[in-house]
Amino acid sequence: MKNNMNYTGLLNTYAKYPVEFVKGNGFNLYDKNGKEYTDFLCGIAVTSFGHNHPEIKAAALKQFESYWHASNLFEYSGQEELAKKLAERSGLHFVFFSNTGTEANEAAIKIARKWGNGKYEIISTIHGFHGRTYGGLSATGQYKFWEGFEPLVPGFLHVPYNDLEAVKNSITLKTVAVIVETIQGEGGINCASTEYMKGLRNLCTEKNILLIVDEVQTGIGRTGKFYSYQHQGIVPDIVTSAKALANGFPIGATICTKEVGNAIKPGNHGSTFGGNPVAVAAANKVVDLLDEKQLMKIEKLGDFFKKSLLELNLSGIKEVRGKGLIIGVEFAQGISCKEIAKKLLEEGILVGTSGDSVLRILPPFIISETEIAKFNSALKKVVSGITIK
Ligand SMILES: Cc1ncc(COP(=O)(O)O)c(C=O)c1O
């Protein structure tokens with residue numbers, strides 16, 4: 001059964017590429033035939049420091065050799081250390097550790113409702129994405145993810161993105177929070193304007209409701225700031241983080257202000273695996289590696305990458321957008337970015353997609369202009385040979 005590739009006992013949730021990797025090193029992955037791939041996807045914004053990073057690996061291994069799990073019934077100084085670092089880097093205070101982005105959002109929703117003391121409505125945005133569990137799914141503003149799973153959790157309203165008036169008009173006496181991404185990653189790499197984010201911050205303060213910023217995809221340096229809302233000079237009430245935090249080990253973090261976090265008491269929330277010692281050890285190293293110099297490099301590389309994509313002058317490209325190393329290339333109608341991603345894979349380039357028309361580029365922070373040039377020449381080759389339907 002093992003070698004029969006027609007059989008799969010895996011639930012049919014993913015459209016998988018027929019490629020299996022056996023080794024990773026830096027920005028490269030290798031399949032079982034020895035073919036080399038350059039990683040411009042990072043496991044969907046996860047392995048930001050590349051594969052097998054020596055310092056992250058050493059930190060994780062050290063904890064692995066000590067012990068792997070004892071539960072949250074006992075103290076673990078690694079969690080305290082990471083919480084302190086995240087509080088400092090986010091401008092917030094309390095941290096709850098979980099394992100995934102959707103769990104980080106579940107915690108944010110629960111914390112907000114507990115703080116709200118009876119207020120429960122949460123405003124989120126159309127094309128936003130917040131995860132697959134029922135809270136995250138209900139906050140997600142895309143019907144394609146809900147279809148077949150309704151009824152959703154009550155109390156979620158979806159309004160157009162980048163539209164402050166729409167949020168204003170949706171606030172009721174029962175509103176407890178607004179949840180938003182600064183860049184809609186899954187929704188098409190749509191960027192929020194500074195005016196919008198600042199407006200949301202002011203509006204939430206004025207109406208005494210919480211601003212939750214979902215940094216699951218944009219956080220941990222991806223945009224050139226530790227958290228992307230720092231480009232806009234605002235501080236949310238709750239921030240959710242996951243994906244790249246431990247460079248590939250499952251971890252989620254929900255970070256909130258002291259005032260909001262004080263609403264939570266022992267027993268209100270929990271997670272058996274949350275803040276697993278090995279994941280936390282890796283995360284502590286990731287956060288240390290993300291110093292100012294590294295963040296500046298990410299922003300610069302991102303600007304260079306976007307400019308070089310535009311300079312390709314490919315007729316099928318409608319728009320290049322994003323911030324730092326989260327880049328979306330929108331193609332004209334009739335061009336399938338899924339087909340482009342598939343063809344790029346044949347050229348040894350891993351890349352993602354956002355919907356049908358946007359190529360989602362999420363390279364590791366360790367790439368250089370050489371890898372960018374390699375990507376661009378492969379893209380040029382693939383797009384020139386693509387048929388417009
Ligand atoms: C903004 C955002 N929030 C939440 C999630 C869900 O994260 P996870 O898949 O780790 O549950 C994602 C995943 O793509 C995301 O991009």
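Values in this text are rule-based calculations from the coordinates and carry no lab data. Because the structure is predicted, anything quoted here is derived from the model rather than measured. No Cβ is skipped: glycine too gets one built from the backbone with ideal geometry, and neighbour counts run over all protein chains shown.
Each of 269, 51 was scored by other Cβ atoms within 10 Å of its Cβ. Listed from fewest to most, they are 269, 51. For region 54-289, a Kirkwood hydrodynamic radius built from all Cα pairs, placed in the Stokes-Einstein relation at 20 °C and 1.002 mPa s, yields a translational diffusion coefficient of 120 µm²/s. Taking each residue as 0.36 nm, the span from residue 44 to residue 389 lengthens on full extension beyond its C-alpha to C-alpha distance by 121.4 nm.
Taking amide H as placed 1.01 Å from N in the peptide plane, the amide H of residue 98 sits under 5 Å from that of 252, 253, 254, 275, each at least 5 places away or on another chain. Taken over the Cα atoms of region 216-365, the convex hull encloses 155 Å³ per residue.
What is the Cα centroid distance between region 53-75 and region 362-385, reported in whole angstrom? Here the two parts' Cα centres lie 35 Å apart.
Over region 42-153, what number does the Rg to Rh ratio reach, with both radii from the alpha-carbon atoms and Rh per Kirkwood?
When Rh is taken as the Kirkwood radius, the ratio is 1.03.
Remark: relative contact order (the chain) = 21 percent; criterion is Cα-Cα distance under 8 angstrom and separation of 6 or more residues. For the listed residue pairs 144/225; 144/307; 342/374; 84/243, the alpha carbons are over 27 angstrom apart in 144/225; 144/307.
Annotation for region 283-323 versus region 188-246: alpha-carbon center distance of 18 Å. Springs join every pair of Cα atoms under 10 Å in this Gaussian network model of the chain, and among 178, 22, 159 the largest mean-square fluctuation is at 22. Multiplying the residue separation of residue 169 and residue 132 by 0.36 nm and subtracting their alpha-carbon distance yields 10.6 nm. Springs join every pair of Cα atoms under 10 Å in this Gaussian network model of the chain, and among 38, 100, 194 the largest mean-square fluctuation is at 194. Taking other C-beta atoms within 10 angstrom as a stand-in for reagent exposure, 109, 251 fall in the order 109, 251, fewest first.
Nearest-5 percent of antiparallel DSSP beta bridges in region 54-289? Around 40 percent antiparallel, to the nearest 5. Sorted ascending by nearby beta carbons within 10 Å, beginning with the fewest, 90, 368 become 368, 90. When each of the peptides 167-176, 254-263, 298-307, 121-130 is scored by the mean number of other C-beta atoms lying within 10 Å of its residues, the order from highest to lowest reads 121-130, 254-263, 298-307, 167-176. Between residue 14 and residue 36, the contour length at 0.36 nm per residue exceeds the Cα-Cα span by 5.6 nm.
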